[in-house]
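Remarks on the structure that follows.
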């Protein structure tokens with residue numbers, strides 16, 4: 001038998017190798033149009049990022065090694081340009097010489113893979129624009145990046161890179177370019193990153209991506225790419241949104257399509273998704289022609305029809321089936337469920353089986369549950385919250401799909417759920433799985449078991465869920481109850497919710513109407529489940545708990561905005577080092593604490609230390625990147641390190657010597673700071689009259705705007721942006737800018753507010769917008785509270801220009817230096 005294999009990477013190399021192991025006497029020819037075979041194309045981004053430093057480690061085999069180990073005739077730079085299925089020949093062109101020849105075959109395996117999508121953009125062929133598919137692509141990208149980084153001098157602009165596409169390859173490239181020191185922007189036409197997962201799983205990954213300094217442009221696409229000078233130099237990427245991004249390097253990662261031109265020329269049937277149609281033995285519709293890999297459509301274990309997964313694992317398994325059937329064995333390829341995973345800086349995300357979008361499109365009934373367990377035992381260091389979504393049949397509990405995002409243990413949970421989908425296991429089966437447990441690796445109740453517990457409760461009717469996507473319709477007419485603590489409720493709660501902590505719930509029940517619907521929620525779903533069971537057993541007839549709690553609710557309704565910044569340079573905050581000497585060094589874990597929790601815990605710890613002692617603090621609050629340096633500087637401490645780590649940041653703070661306090665009562669009499677909490681017109685007018693008066697007297701002025709005070713800084717002409725239902729609701733409830741504020745008293749349906757504005761104009765008193773502009777132009781620091789922006793769904797584009805963005809520690813630093821501090 002003579003087997004000719006077209007393509008020499010994943011599927012092609014595996015087909016040839018398996019065929020040789022089964023038939024020592026076969027003549028096997030591999031024709032690869034590239035200059036490399038059997039290379040690790042999934043590792044290409046990591047050599048660009050120098051995570052894999054040795055390029056040769058990506059070259060798994062070469063023609064010589066394959067000849068020596070498997071007696072394969074491997075010909076590189078050999079493109080098959082035609083197939084004659086009648087004469088059973090292929091026409092080959094040697095790319096380096098241009099010579100063409102024909103090669104006969106008894107069996108032909110088409111393992112042509114996929115080719116990158118290159119949209120019809122102006123400038124797409126400029127040297128700065130690359131795709132990443134092969135070793136040669138990687139070499140060009142790395143050479144251009146290396147050259148740009150080497151040419152950069154101190155003080156010059158950073159190297160800019162634009163990645164078009166936020167799928168797995170796009171995110172891997174963005175991470176590795178950022179790690180190398182480039183300023184990276186991602187452009188994605190969808191309304192989320194990571195299209196293979198559902199939005200509530202993609203959202204925490206997007207938050208982490210932005211917190212690491214990567215800019216994300218969603219719901220737009222590249223419209224044109226134009227040179228900024230010489231055609232081989234930097235370019236400008238023009239987006240349909242109107243933004244223009246400078247770029248020394250552009251990576252097109254907008255997807256791939258099956259390379260089926262040769263199969264079509266041979267007469268092979270193509271499927272509805274454009275891939276090659278094969279049977280379960282990997283035969284095409286043409287006799288003696290087989291196919292495997294990214295160009296092939298395959299069945300799905302859950303969804304109807306055939307699919308194009310384009311993954312390395314399925315390609316290798318299909319190749320094995322193809323080779324076995326060519327060699328006379330009756331082996332079948334079952335299906336591809338699309339199990340995939342990606343690392344984005346320290347975070348990991350992926351999925352398996354069907355997504356919710358796919359189940360809806362296929363009209364398949366399903367239940368969805370959301371859980372947020374830790375990756376391993378919470379009391380053992382190094383874990384963080386995981387986000388799990390599992391879809392299962394409401395009839396029999398069969399697992400239909402699952403997705404996860406987190407920092408530790410994500411991969412093994414996805415693998416277990418992939419096995420459940422493959423083998424048709426139910427959520428009840430997951431409840432009974434016995435999994436390896438020790439504190440560094442898991443919990444006694446593993447997240448997989450927890451999926452089983454929750455799913456079985458839903459199936460048995462012990463738990464009824466309502467979903468974040470259905471808000472506010474799901475709560476209309478119902479008593480919406482937040483069973484978290486009062487402190488949690490005050491920090492954030494769903495609009496319209498009343499706070500009845502779980503600890504006091506049973507005392508409140510006797511006065512409630514048992515026939516009125518009750519919708520419960522907590523942080524992740526556990527406390528509200530306990531409340532749910534109590535209410536049902538007390539005779540309440542319509543009770544439901546929010547799936548995944550407020551954590552999932554925020555992921556659905558509070559989409560990330562461009563509010564994360566690259567970390568400020570540590571040297572901007574570091575004071576001269578203290579003399580060397582004995583020092584205490586403590587580790588402080590503040591993960592899971594929201595602003596100002598990390599600052600408060602750090603301050604408490606530092607109070608017990610001596611000058612020169614150090615605290616290494618780990619936080620998961622992204623605002624610490626601004627608040628930590630401000631707090632340290634204000635208190636005379638020295639921030640010696642601030643580094644992204646895990647779910648947040650690692651910082652080292654050295655305690656400074658206490659500074660002698662001046663005898664005078666005021667630390668800086670010529671500085672005034674104000675907390676602007678109110679959104680009332682009269683109070684804001686008074687605030688800015690005082691601020692402008694202080695500025696006129698030569699004082700420094702800072703105004704920290706929080707909660708309703710932020711409405712004074714809103715733009716009436718804010719650019720349109722996609723808002724979550726929650727953000728739409730909050731925007732309608734709050735006044736859009738200083739012109740829309742009303743009096744705290746005597747508003748009288750608008751008449752009183754209009755009267756005071758008229759009186760101000762007649763007496764030549766500037767309007768509030770004019771007072772704000774004057775203060776800003778005169779040097780006042782207008783600081784918007786980032787935590788409040790998150791809570792109220794306010795983006796930076798909603799606010800006027802010239803603002804600063806920070807947390808409570810920044811204000812406290814200002815207040816500590818001020819002779820006067822006012823609360824308005």
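The values are calculated or read from the model by the stated rules, or taken from the named source; none is laboratory data. Here the structure is a predicted model, which is why all the values come from computation and not from measurement. With ideal geometry, Cβ positions are generated from the backbone for all residues, glycine too; neighbour counts draw on all protein chains shown.
Before moving on, here are some points about what is shown:
- All conditions but one from (1) modelled with pLDDT of 95 or more; (2) surrounded by fewer than 21 Cβ atoms within 10 Å (Cβ to Cβ); (3) touching a strand residue (DSSP E or B) at 6+ places or on another chain (Cβ under 8 Å) apply to residue 69; the one that does not is (3).
- Condition broken by residue 717, with the remaining ones in (1) at pLDDT 80 or above; (2) touching a helix residue (DSSP H, G or I) at 6+ places or on another chain (Cβ under 8 Å); (3) over 17 Å from residue 793 (Cβ atoms); (4) exposed (fewer than 14 other Cβ atoms within 10 Å of the Cβ) satisfied: (2)
- Annotation note: of 505, 430, 463, the sole residue that is surrounded by 15 or more Cβ atoms within 10 Å (Cβ to Cβ), in a loop (DSSP other than H, G, I, E, B) and in contact with a strand residue (DSSP E or B) (Cβ under 9 Å, 6 or more places away or on another chain) is 463.
- Where a residue in the stretch 260-272 is on the phi < 0 side of the Ramachandran plot and its partner, wherever it lies, is assigned to a helix (DSSP H, G or I), with Cβ under 9 Å and at least six apart: 268/262; 269/263; 270/263; 270/264
- Within the stretch 398-417, the set of residues being surrounded by 22 or more Cβ atoms within 10 Å (Cβ to Cβ) and within 14 Å of residue 301 (Cα to Cα) comprises 399, 400, 401, 402, 417.
- Among the residues of the stretch 439-449, those that are in a loop (DSSP other than H, G, I, E, B) and either within 25 Å of the chain's Cα centre (by Cα) or surrounded by 11 or more Cβ atoms within 10 Å (Cβ to Cβ) (or both) comprise 439, 440, 441, 442, 443, 445, 446.
- Candidate set from the stretch 262-313 (those that are touching a strand residue (DSSP E or B) at 6+ places or on another chain (Cβ under 7 Å) and assigned to a helix (DSSP H, G or I)); member that is surrounded by the most Cβ atoms within 10 Å (Cβ to Cβ): 263
- The number of residues in the stretch 529-549 that are free of Cβ contacts under 8 Å to residues at least 60 places away in the same chain and either outside the structural domain of residue 476 (by TED's automatic domain parsing) or in a helix (DSSP H, G or I) (or both) comes to 6.
- Taking (1) surrounded by 14 or more Cβ atoms within 10 Å (Cβ to Cβ); (2) in a loop (DSSP other than H, G, I, E, B); (3) in contact (Cβ under 8 Å) with a residue 24 or more places away in the chain in turn, residue 779 satisfies each apart from (1).
- You will find that of 358, 395, the residue that is assigned to a helix (DSSP H, G or I) and surrounded by fewer than 24 Cβ atoms within 10 Å (Cβ to Cβ) is 358 and no other.
- Exactly one residue among 141, 135 is under 30 Å from residue 26 (Cβ atoms) and either surrounded by fewer than 20 Cβ atoms within 10 Å (Cβ to Cβ) or touching a residue at least 24 places away in the same chain (Cβ under 8 Å) (or both), and that residue is 135.
- If only residues of the stretch 700-729 that are part of a loop (DSSP other than H, G, I, E, B) and touching a residue at least 60 places away in the same chain (Cβ under 8 Å) are counted, the one that is farthest from residue 219 (Cα to Cα) is 706.
- Check on residue 127, out of contact with any helix residue (DSSP H, G or I) (no Cβ under 9 Å at 6 or more places or on another chain), assigned to a loop (DSSP other than H, G, I, E, B) and either in the same structural domain as residue 190 (by TED's automatic domain parsing) or in contact (Cβ under 8 Å) with a residue 12 or more places away in the chain (or both): no
- Restricting the stretch 160-171 to residues that are surrounded by fewer than 24 Cβ atoms within 10 Å (Cβ to Cβ) and in contact with a strand residue (DSSP E or B) (Cβ under 7 Å, 6 or more places away or on another chain), the residue that is farthest from residue 255 (Cα to Cα) is 160.
- Taking the numbered list (1) crowded, with 24+ Cβ neighbours inside 10 Å; (2) out of contact with any helix residue (DSSP H, G or I) (no Cβ under 7 Å at 6 or more places or on another chain) in turn, residue 193 passes all entries but (2).
- Tally of residues being within 46 Å of the chain's Cα centre (by Cα) and assigned to a helix (DSSP H, G or I) across the stretch 758-776: 9
- Residue that is farthest from residue 193 (Cα to Cα) [pool: residues in the stretch 322-345 that are part of a helix (DSSP H, G or I) and in contact with a helix residue (DSSP H, G or I) (Cβ under 9 Å, 6 or more places away or on another chain)]: 326
- Residue check for residue 112: in a loop (DSSP other than H, G, I, E, B) and crowded, with 22+ Cβ neighbours inside 10 Å: yes
- Failed item in (1) modelled with pLDDT of 95 or more; (2) surrounded by 13 or more Cβ atoms within 10 Å (Cβ to Cβ); (3) part of a loop (DSSP other than H, G, I, E, B), with residue 87 passing the rest: (2)
Residue by residue, here is whether (1) over 34 Å from the mean Cα position of the chain (by Cα); (2) assigned to a helix (DSSP H, G or I) holds:
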position	(1), (2)
688	yes, yes
698	yes, no
731	no, yes
739	yes, yes
743	yes, no
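- Exactly one residue among 786, 797 is out of contact with any helix residue (DSSP H, G or I) (no Cβ under 7 Å at 6 or more places or on another chain), loosely packed, with under 15 Cβ neighbours inside 10 Å, touching a residue at least 12 places away in the same chain (Cβ under 8 Å) and outside the structural domain of residue 493 (by TED's automatic domain parsing), and that residue is 797.
- Only one of the numbered conditions (1) in a helix (DSSP H, G or I); (2) surrounded by fewer than 20 Cβ atoms within 10 Å (Cβ to Cβ); (3) at pLDDT 90 or above is violated by residue 652, and that is (1).
- Residue within the stretch 237-250 that is over 28 Å from the mean Cα position of the chain (by Cα) and either more than 15 Å from residue 129 (Cα to Cα) or part of a strand (DSSP E or B) (or both) present: no
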